[in-house]
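K.L.:
Let me begin by handing over the structure; questions about it come next.
No value in this document is a laboratory result; all are computed from the given coordinates. Small disclaimer: the values here were computed from a predicted structure and weren't measured. Cβ: placed from backbone, ideal geometry, glycine included. Neighbour counts: every protein chain shown.
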Amino acid sequence: MGITRGSVWHNMRLNMKKIGLVGGIGPASTVDYYMGIIDGCRKKSGSPNYPEILIYSIDMFEMLSHIEGKHWDKASVLLSTAVNNLASAGADFAAIASNTPHLVFDEISRLSTIPLISIVEETCNFVLEKQYQRVLTIGTLFTMRNGLYSNPLVAQGIISLLPSETEQQEIYSLFFPNLENGIVIQDDKIKMQKLVDSIVRKQKADSVILGCTELPMMLKQGDLNVPVIDTTQVHINAIVRNMN
């Protein structure tokens with residue numbers, strides 16, 4: 001009896017856990033997560049097959065309105081509901097494909113019925129592994145102003161640096177909302193490079209955390225005078241490691 005092509009593919013199925021992604025915050029980076037997880041799993045397993053991925057896309061602007069208004073309880077309920085819907089659909093664990101929602105990560109974890117992988121925790125572990133000492137964080141205004149990375153970095157004995165209030169506004173205006181829609185404007189990229197490099201020089205930073213999952217679309221490794229820490233890729237790598 002011959003072996004059918006279908007049975008060959010079936011026998012090559014990836015024996016991995018099912019990941020649930022809370023996406024849509026924003027849509028462009030959710031696509032990066034989706035493709036990155038597939039690529040990482042296939043490289044890790046050596047199989048041409050695809051991992052099982054569940055995505056629950058929420059309304060980014062509803063979430064941002066809760067964060068901006070410091071309605072932390074509403075943000076937590078919105079995000080934890082998304083996570084638990086993923087759990088009900090069969091996800092073994094979950095991740096939130098965005099930095100800003102991690103401002104309420106502890107409460108989401110408390111309300112979640114499945115384990116969560118934190119982008120902040122994984123990024124801080126990466127900083128420790130690389131032995132960076134003076135780390136500048138850029139991202140959304142919410143991320144920069146609310147100590148999303150500053151607090152855990154300082155707790156690890158790392159000097160956490162932030163742009164000034166004026167610089168924060170300028171950084172945010174150079175990527176939001178265009179990057180959320182996957183649009184990179186070259187003039188804005190050049191302005192961002194010059195601005196961030198000037199902050200790096202002034203504050204003597206040895207690395208820069210791209211604390212928004214869309215920023216890697218604009219700033220790549222080598223674009224600045226110090227290494228950039230791509231939080232999207234760090235998070236994807238952690239997700240892939242946890243899928244076995």
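K.L.:
What percent of all Cα-Cα pairs in the chain falls in each 10 Å bin, counting up from 0?
P.N.:
7, 31, 34, 19, 6, 2, 0, 0
K.L.:
Sticking with this one: Normalised by the number of residues in the range 120-230, what is the relative contact order in percent for Cα pairs under 8 Å and 6+ residues apart?
P.N.:
Once divided by the residue count of the range 120-230, the mean separation gives 31 percent.
K.L.:
If the range 120-230 were replaced by its equivalent ellipsoid, with semi-axes equal to the square roots of 5 times the Cα gyration tensor eigenvalues, what would those be, largest first, whole Å? Kindly include the intermediate steps, with their values, before the conclusion.
P.N.:
Working: eigenvalues 91, 40, 36 Å².
Calculated on Cα positions only, the semi-axes equal 21, 14, 13 Å.
K.L.:
What percent does the relative contact order of the chain come to when contacts are Cα pairs within less than 8 Å and at least six residues apart?
P.N.:
Value for the chain: 23 percent.
K.L.:
Could you state the number of Å between the C-alpha centres of the range 168-244 and the range 23-80?
P.N.:
18 Å
K.L.:
Within the chain, how many Lys pairs that are eight or more residues apart, or on different chains, come under 19 Å at the alpha-carbon?
P.N.:
12
K.L.:
Also, quick follow-up: Sort 241, 134 so that the residue with the fewest other Cβ atoms within 10 Å of its own Cβ comes first and the one with the most comes last.
P.N.:
The fewest-first ordering by Cβ neighbours comes to 241, 134.
K.L.:
Taking R0 as 41 Å, what FRET efficiency do you get between residue 31 and residue 201 from their Cβ-Cβ distance, rounded to the nearest 0.05?
P.N.:
With R0 = 41 Å, the Cβ-Cβ based efficiency is 0.75.
K.L.:
For the residues 102, 235, 71, 66, what sequence is obtained by ranking on other C-beta atoms within 10 Å, fewest first? Present the calculation step by step, with values, prior to reporting the outcome.
P.N.:
On the way: 102 23, 235 28, 71 14, 66 20.
Taking fewest neighbouring Cβ atoms as first place, the list is 71, 66, 102, 235.
K.L.:
Please arrange 122, 165 by how many other C-beta atoms lie within 10 Å of their C-beta, fewest to most.
P.N.:
165, 122
K.L.:
Let me check I've understood the local charge: for residue 220, count other residues with C-beta under 12 angstrom from its C-beta, Lys and Arg +1, Asp and Glu -1. What total comes out?
P.N.:
Within the 12 Å Cβ shell, the charges total -1.
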